[in-house]
1. Given the residues A:Thr124, A:Thr129, A:Thr135, which is the only one that is assigned to a helix (DSSP H, G or I), in contact with a strand residue (DSSP E or B) (Cβ under 7 Å, 6 or more places away or on another chain), within 30 Å of A:Val211 (Cβ to Cβ) and of a type outside the set (Asp, Glu)?
2. State all residues of region A:120-137 that are hydrophobic (A, V, I, L, M, F, W, C) and within 11 Å of chain B (Cβ to nearest Cβ); if no residue qualifies, say none.
3. Which members of region A:1-29 meet the condition of being part of a loop (DSSP other than H, G, I, E, B) and either out of contact with any Leu (no Cβ under 8 Å at 6 or more places or on another chain) or outside the structural domain of A:Thr117 (by the TED database) (or both)?
4. Filter region B:46-84 down to residues that are within 14 Å of chain A (Cβ to nearest Cβ), of a type in the set (A, V, I, L, M, F, W, C) and in contact (Cβ under 8 Å) with a residue 60 or more places away in the chain, then give me how many there are.
5. For region A:167-182, which residues satisfy the criterion of being more than 14 Å from chain B (Cβ to nearest Cβ) and part of a strand (DSSP E or B)?
6. Going through region A:216-240 one residue at a time, which ones are of a type in the set (Phe, Trp, Tyr) and under 28 Å from A:Arg286 (Cβ atoms)?
7. Give region A:138-149 a look and list any residue that's surrounded by 23 or more Cβ atoms within 10 Å (Cβ to Cβ) and either within 14 Å of chain B (Cβ to nearest Cβ) or more than 20 Å from the chain's Cα centre (by Cα) (or both), or say none.
8. Of all residues in region B:20-72, how many are touching a His at 6+ places or on another chain (Cβ under 8 Å) and in a loop (DSSP other than H, G, I, E, B)?
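The values are calculated or read from the model by the stated rules, or taken from the named source; none is laboratory data. The model shown is predicted, which means the values in this text are computed figures rather than measured ones. Methodologically, a virtual Cβ is constructed for each residue, glycine included, from the backbone with ideal geometry; neighbour enumeration extends over all protein chains shown.
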Amino acid sequence: MIKVRTKDLIERFDLELVAGKDGVHREIVTSDISRPGMEMAGYFTHYPKERLQLMGRTELLFLYDLKQKEIQDRMKKLCTDVTPGIVITRGLDVPHALVEAADHAGVPVMRSPYKTTRVISRLTNFLETKFAPSTALHGVLVDVYGVGVLITGKSGIGKSETALELVKRGHRLVADDNVEIRQEDYDTLIGNPPNLIEHLLEIRGLGIINVMTLFGAGAVRNYKRISMVVHLETWESDKQYDRLGLDETKMKIMDVHLPKATIPVRPGRNVSVIIEVAAMNFRLKRMGINTAEEFSNRLNSVIKDVDNKEIE
Amino acid sequence: MVEKELTVQLETGLQARPAAKFVQEANRFSSDVFLEKDGKRVNAKSIMGVMSLAIGSNEVVKLQAEGPDEEQAMDSLVTLIESE
């Protein structure tokens with residue numbers, strides 16, 4: 001797990017460091033952000049001190065109604081030894097008492113020129129991405145017609161070869177062989193290649209090839225949301241494969257369930273074309289057109305008509 | 001399933017050639033073999049996976065094998081990694 005430090009925030013968002021520069025190496029341990037309104041009013045019992053604190057106009061204006069002694073006391077309590085930092089928004093003036101307390105405790109005070117709500121959402125997005133749970137899977141990730149397709153299957157089944165053909169047909173390679181996946185939100189999986197093997201593809205008999213230099217910048221992507229899984233396996237004559245497409249099988253990666261199609265591989269079956277069609281069919285379904293279901297309904301109504309005629 | 005933690009003795013670490021040799025050896029067995037470093041787990045039969053770990057000399061890795069010939073797979077891969 002990578003550590004997130006206050007320094008990273010300053011660099012990423014170009015924040016102005018106003019006080020407490022001894023603490024820029026403090027670690028941020030949660031993506032939650034606190035607006036210490038209650039604390040300004042003197043209630044510190046449930047102060048979430050390990051969170052990043054964010055003070056906007058409301059919190060700061062409230063301070064001006066307090067006595068000097070109260071301000072000093074509360075600023076001191078705000079700057080604990082674990083608080084990763086305090087962000088002041090709207091480019092507002094930082095109260096003198098806060099600068100003193102922050103310098104003393106080594107809590108970085110940073111200033112942003114933007115509005116509070118904007119700063120909160122950008123900081124939250126950044127932190128959520130950093131703290132997103134992640135895993136790595138053996139498979140190939142390709143962007144097919146804008147649909148992120150994760151191709152899985154045993155070693156040697158032809159995942160990379162399929163990816164090569166898909167690239168040749170104008171689709172984009174994201175990662176070969178090893179896909180790093182992080183979960184954003186509760187329903188989104190983002191896949192990217194490990195840095196070292198970005199843009200590379202291994203083809204048995206040829207070795208390692210660079211897809212970007214061979215096919216151009218349009219043939220690769222650095223990351224892609226994963227929408228479906230295509231599992232390749234050798235054809236087994238006694239195994240039942242989906243013939244209708246009425247039931248969607250799912251595969252669970254972390255907390256997310258993805259639709260999964262199992263495609264049997266056999267000489268003469270063009271897997272890349274099947275994957276292209278699977279991706280298009282996936283899009284069609286999301287647009288509300290489910291061919292299998294429509295056909296099944298049509299069949300049912302015809303059967304019903306026949307039954308009715310027989311009764312007559 | 002068999003599992004073993006071991007230190008890479010290969011002087012150069014798992015550079016491209018040794019990595020390819022390692023993967024080829026792993027592919028001789030029908031068991032599923034996994035290699036893990038710093039919590040990152042990859043399929044030991046995939047060259048890109050193994051190389052993406054960038055395993056250096058004297059680093060500690062975990063080897064896992066599961067299947068009918070897991071013992072043989074483990075023995076032969078351990079010998080490879082622990083040879084100098």
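1. Working: A:Thr124 fails: within 30 Å of A:Val211 (Cβ to Cβ); A:Thr135 fails: assigned to a helix (DSSP H, G or I).
Matching residue, one of A:Thr124, A:Thr129, A:Thr135: A:Thr129.
2. If we filter region A:120-137 for residues that are hydrophobic (A, V, I, L, M, F, W, C), which is where we start, we get A:120, A:123, A:126-127, A:131-132, A:136-137.
Once the filter is applied, which keeps residues that are hydrophobic (A, V, I, L, M, F, W, C) and within 11 Å of chain B (Cβ to nearest Cβ), region A:120-137 yields A:Ala136, A:Leu137.
3. Filtering region A:1-29 down to residues part of a loop (DSSP other than H, G, I, E, B) leaves A:1-3, A:14-15, A:20, A:24-26, A:29.
Passing the criteria: A:Met1, A:Ile2, A:Lys3, A:Asp14, A:Gly20, A:His25, A:Arg26, A:Val29.
4. 1
5. Here is the first cut: in region A:167-182, the residues more than 14 Å from chain B (Cβ to nearest Cβ) are A:167-172.
Selection gives A:Arg172 alone.
6. Residues of region A:216-240 of a type in the set (Phe, Trp, Tyr): A:223, A:235.
Hit for region A:216-240 is A:Tyr223, nothing else.
7. A:Gly139, A:Val140, A:Leu141
8. Count: 1.
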